[in-house]
1. Report the residue, chosen from VAL196, VAL130, VAL264, that carries the largest GNM mean-square fluctuation when the chain is represented by alpha-carbon nodes joined by springs under 10 Å.
2. Given the DSSP H assignment, sum -39500 (n - 2.57) over each helix run of at least 4 residues in the chain and divide by its residue total; what's the result at 222 nm in deg cm²/dmol, nearest 500?
3. Could you work out how much longer the chain between ASN249 and ASP35 gets when fully extended? Use 0.36 nm per residue separation minus the Cα distance between them, nm to one decimal.
4. How much length is gained if the chain between LEU140 and ASN199 is pulled fully straight, taking 0.36 nm per residue apart and subtracting their Cα-Cα distance, in nm to one decimal?
5. Treating the beta-carbon of each Lys and Arg as +1 and of each Asp and Glu as -1, no other charges, what is the dipole magnitude of the range 130-232 about its Cα centre, to the nearest 20 debye?
6. Got a sec? How would SER294, SER82, SER105 order by Cβ neighbour count within 10 Å, fewest to most?
7. Counting only DSSP beta bridges with both residues in the chain, tell me the antiparallel percent, nearest 5.
8. Going 7 Å from the Cα of LYS63 along its beta-carbon direction, which residues of the range 5-31 have the amide nitrogen within less than 15 Å of the resulting point?
Amino acid sequence: MKIYDCIIIGAGPAGITATVYLARKRIDFLVITKDIGGQAAISGDIENYTGYQFITGPELSAKFEEHMRNYSFDLKEQEEASIVVKRDDGVIAVKTDKGEYQARSAIIASGKKPKELNVPGEKEFKNKGVSYCATCDGPLFAGKDVAIIGGGNSALDAGLQLIRIAKRVFIINNTPKLGGDSVMREQIESSKVATVLNNSKVAAIFGDNFVLGIKVDKEGKEETLAVQGVFVEAGLIPNTDFISIVEKNAFKEINVNGHNETNVPGIFAAGDVTNVPEKQIVIAAGEGAKAALSTFKYLMQNR
């Protein structure tokens, strides 16, 4: 079985940037990813990525992918890592749902995934009114009443997209006031389309073939909202279940130092999957570059 110099797991901003840096170093590597773009691909309007005063998430992801595909390397799309181990001989083995691959080093850049609510009706109405991507599914709810579950930047981003499309937008926030960026928050709070319910949480989602409404617990009192769409933006959880040999924090994020090294020599990590503060596209991209440079240094020192 071929042994690569490196395997990169994930192709969001961190993984793609690591790909560009390793390709320029003429490293023989493999990228394994479920999709290309990560969370950036399903983000709405982006106004804080250096070099672009305004660009949408899908547009920026397309730029990333275009840049990445200018280089020659092995790519396994639509594959998910299921386990990562380091053998006694130092080789790192990555098993996926479709095969097994080996390398002298690895960069974990698998990002995060949406957190589920785990309330009655959520699973039953997934893709039948329940969505985890306003960018993907928002246009399907033009002129309809929708609810967004969450109160941070992800919820605000979804809200800014949906107030342009939907008839009414309810934001169900379980804290005393909305969080997130002040500019986004002000736009939501000044919108005539949006209604914010603070100190509230979803108790259940109901409907027939499709969502018809939600039950909301607001400070101990239950009320029903008639909505046709529910957008879950309750936060993200790291995609780290497939790797148990590295140290993680209480949030299951991979612990890294300033060089993106994990506690396992030869295994590096970058982007939202790590304990690095602030989950931003520009930060993930920078961390991907650092991880690639650290990996290159490791490979040169361990020939």
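Any read-out appearing in this document is the output of simple, stated calculations on the displayed coordinates, not a laboratory observation. Here the structure is a predicted model, which is why all the values come from computation and not from measurement. Neighbour counts run over all protein chains shown; Cβ positions are idealised from the backbone, glycine included.
1. VAL264
2. Dividing the helical sum by the residues of the chain leaves -6500 deg cm²/dmol.
3. 74.5 nm
4. 18.4 nm
5. Approximately 180 debye in magnitude.
6. With the sparsest Cβ surroundings first, the list reads SER82, SER294, SER105.
7. Rounded to the nearest five, the antiparallel share is 45 percent.
8. Flagged as within label range: 13-14, 17.
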